[in-house]
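The values are calculated or read from the model by the stated rules, or taken from the named source; none is laboratory data. Model, not experiment: these values are computed from the prediction. All Cβ positions, glycine included, derive from the backbone under ideal geometry; neighbour counts span all protein chains shown. These area figures cover heavy atoms from the full protein model, side chains too; ligands, DNA and RNA do not enter into them. Shrake-Rupley method; radii C 1.70, N 1.55, O 1.52, S 1.80 Å.
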Amino acid sequence: MGKMTDGDVMVYIRNQMLALSDMAKQYGVDISISANADGFANAKMGDYDVTQFKKGNIKYAYMPLDEDTEIWQNDIKTYCVNFSGNPYMERGDVG
């Protein structure tokens, strides 16, 4: 992707927003994303978070805010994500 004008950036972000809105409806989860100019970014999808830290490393976590922190799980694998509840324990689990 080459250098875009400010207007091009706004249209690109709008298109991503519309795609994420459709995805939120399809999966039944709220999606919230924040990105900073210094490289930090965070997305929350239901009870799951993905964070890119300033140096580029990425971590996934399960943090249901209506539960005790005892069930929170940090550094989960993407194949463990289960939007309808607790993370799957292993690849291929179906809940």
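For n ≥ 4 DSSP H runs only, could you compute -39500 (n - 2.57) per run for the chain, divide by its residues and tell me the 222 nm figure to the nearest 500?
-8000 deg cm²/dmol
For the chain, give the magnitude of the charge dipole about the Cα centre (Cβ charges: +1 Lys/Arg, -1 Asp/Glu; no others), in debye to the nearest 20.
520 debye
For the chain, with every protein chain kept in place, what is the accessible area per residue (1.4 Å probe, Å²)?
So the chain comes to 78 Å² accessible per residue, rounded to a whole number.
Beyond a 28 Å Cα-Cα separation, which of these cross-linked pairs lie in this structure: Lys3/Lys77; Lys3/Lys55; Lys25/Lys77; Lys25/Lys59?
Cα-Cα > 28 Å for Lys3/Lys77; rest within.
What are the radius of gyration and Dmax of the chain, computed over its Cα atoms and given in Å?
Final numbers for Rg and Dmax: 15.6, 47 Å.
Can you give me the relative contact order of the chain as a percent, contacts being Cα pairs under 8 Å and 6 or more apart?
Computed over the chain, the figure is 14 percent.
Would you mind giving the three semi-axes, in whole Å and largest first, of the ellipsoid equivalent to segment 38-80 according to its Cα gyration tensor?
So the equivalent ellipsoid measures 20, 11, 9 Å along its semi-axes.
Among 40-53, 74-87, 57-70, how do they line up by average Cβ neighbours within 10 Å per residue, starting with the highest?
Top to bottom by mean Cβ count within 10 Å: 40-53, 74-87, 57-70.
Please determine, in degrees from 0 to 90 and to the nearest 10, the orientation of helix 6-27 with respect to the longest principal axis defined by the Cα atoms of the chain, where the helix direction is its Cα long axis.
20 degrees
Express the carbon and sulfur contribution to the solvent-accessible surface of the chain as a percent, rounded to the nearest whole number, probe 1.4 angstrom.
53 percent
Taking the Cα centre of the chain as the origin and placing charges on Cβ (Lys, Arg +1; Asp, Glu -1), which of Tyr62, Thr5, Phe83 is farthest toward the positive end of the dipole?
Thr5
Under a straight-distance cross-link criterion of Cα-Cα below 13 Å, which aspartates and glutamates are reachable from Lys54, leaving out those fewer than 8 residues away in the same chain?
Partners found: Asp38.
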